[in-house]
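The structure appears right after this line, and notes come after that.
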Amino acid sequence: MPGSSVLAFDLGGTDLKVARVSADGGVRGFSRLPSRAAQGESALFAAIAAAAAAAAAGGEARSGPAGFGSPGVIEPGTGIILDRTPHLSLPPEFPMRSRLELALGRRVVIDNDANCAALAEHRVGAARGARVSITVTVGTGVGCGIVVDGRVLRGAFGGAGEIGHMPLGSTGPACGCGVVGCVEPMASGSGLVARAQEAGLRVSNARDVFESDDPRAAAAIERMVDHLARMLGAATQLLNPDVLVIGGGVAQAGSRLLAPLEKALVRYTLASHRKGLKLVPAALGEQAGVIGAGLQAWQAQRPDTT
């Protein structure tokens, strides 16, 4: 592959992150700019093209493939976003990969953004050395990526890993996904804030809840941790990972989240599956998505390696 780095993007509803990523996951020229995703297709792709031009101006990654992480269920064979995605003002069945290749003038390797972050944590982050890792991002919603022996598990149509929408019998509010008993409204950071506000607390984000000494905050955290543990327990029973990585804004609570979560997992996992299982915070922060997207671009050029 020409050059020592590839262009890599991590698209969100608010921000577009871009960098040049080397084959070992090194990051150069990382930047974040408005994605303009809410303004529609034209504004979004203008932002992507401008970001690409700026990132490639350093003299590297002027040619070769680009890696791209996007919200939504990405069909592996076609690069189509199958469903309408709340974070993007794009229609269902949107041909994201072909549209990106037209805008960037190069081949694009695209995947779900949570899958990209999971691959990065598996290869060069908190799950390095694991055989099977699950990386869960807990923020406004719940994102998840699964990596087995160095490769992302995507499922038949690109939708593997949607553990936030498992029907675990939640008695909380209905999720917009339409799945009855979906766990995300109770296991997410936004759910934690909503439950705390319902209890009468004046909080605006998950950090406020975790930093509060009010017993009502403690009760809201306990409910959120229990639902998160159910979700992770079900995933652990099914996939038998050796590492669970917790990232996202809620993970910034550190041991105030991880300690009770590890204790709660005992209720929802077999002893055989807990033996050797590590529950760890994510290591790569906001760069995880671009690193994973870049690694996928490199991996596509070297399909026999992991």
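What follows draws every value from the coordinates through simple rules; no lab data is involved. Quick caveat, the model's predicted, so the values are computed rather than measured. A quick note on method: Cβ atoms are made from the backbone with ideal geometry, for glycine too, and the neighbour counts reach across all protein chains shown.
Remarks
- Applied to segment 78-85, the Karplus parametrisation 6.51 cos²θ - 1.76 cosθ + 1.60 on θ = phi - 60° returns per-residue 3J(HN,Hα) values of 10, x, 7, 7, 6, 10, 5, 10 Hz, with x for Gly and Pro.
- Protection proxy ranking of 167-174, 137-144, 203-210 - average other beta-carbon atoms within 10 Å, highest first: 137-144, 203-210, 167-174
- Protection proxy ranking for 40-51, 102-113, using the average of other Cβ atoms within 10 Å per residue and placing the highest first: 102-113, 40-51.
- Database remark: amide H of THR85 closer than 5 angstrom to the amide H of LEU90 (H placed geometrically; neighbours at sequence offset of 5 or more, or on other chains; Pro and chain starts carry no H).
- The chain: calculated mean residue ellipticity at 222 nm from DSSP helix runs of at least 4, using -39500 (n - 2.57): -11500 deg cm²/dmol
- Relative packing of peptides 263-274, 289-300 - highest average C-beta neighbours within 10 Å first: 289-300, 263-274
- Value of relative contact order over segment 6-113, rounded to a whole percent, pairs C-alpha under 8 Å and six or more apart: 27
- Normalised by residue number, the volume inside the convex hull of the Cα atoms of segment 126-283 is 108 Å³ per residue.
- Normalising by residue count, segment 6-113 has a Cα convex hull of 86 Å³ per residue.
- Per-residue Karplus couplings for segment 109-125, computed as 6.51 cos²θ - 1.76 cosθ + 1.60 with θ equal to phi - 60°, are listed in order as 9, 10, 7, 4, 5, 5, 4, 4, 4, 5, 5, 4, 5, 5, 7, 10, x Hz, Gly and Pro entered as x.
- For LYS278, nonlocal amide neighbours, meaning residues 5 or more places apart or on other chains whose placed amide H falls under 5 Å from its own, are VAL243, LEU244.
- Amide H contacts of VAL183 (H built 1.01 Å from N, under 5 Å, at least 5 apart or other chain): MET166, LEU168
- Pairwise label distance in nanometres, ASN205 with GLU93, each label 7 Å out on the Cα-Cβ vector: 4.0
- Stretched out straight at 0.36 nm per residue, the stretch from GLU198 to LEU279 would grow longer than its current Cα-Cα span by 26.2 nm.
- Alpha carbon centroid spacing (whole Å) that separates segment 1-33 from segment 249-281: 31
- A full extension of the chain between SER255 and ALA50 corresponds to an added length of 69.8 nm, given 0.36 nm per residue minus the alpha carbon distance.
- Remark: segment 230-242, residue by residue, has Karplus-estimated 3J(HN,Hα) of 4, 4, 5, x, 4, 5, 5, 4, 7, 10, 6, x, 9 Hz, where x stands for each Gly or Pro and the curve is 6.51 cos²θ - 1.76 cosθ + 1.60 at θ = phi - 60°.
- Relative contact order (%) - the chain, alpha-carbon pairs under 8 angstrom, separation at least six: 21
- PHE157-LEU102 FRET efficiency (beta carbon distance; Förster radius 22 Å; 0.05 resolution): 0.40
- Computed over neighbours whose Cβ is under 14 Å from that of LEU168, the net charge equals 0, Lys and Arg +1, Asp and Glu -1.
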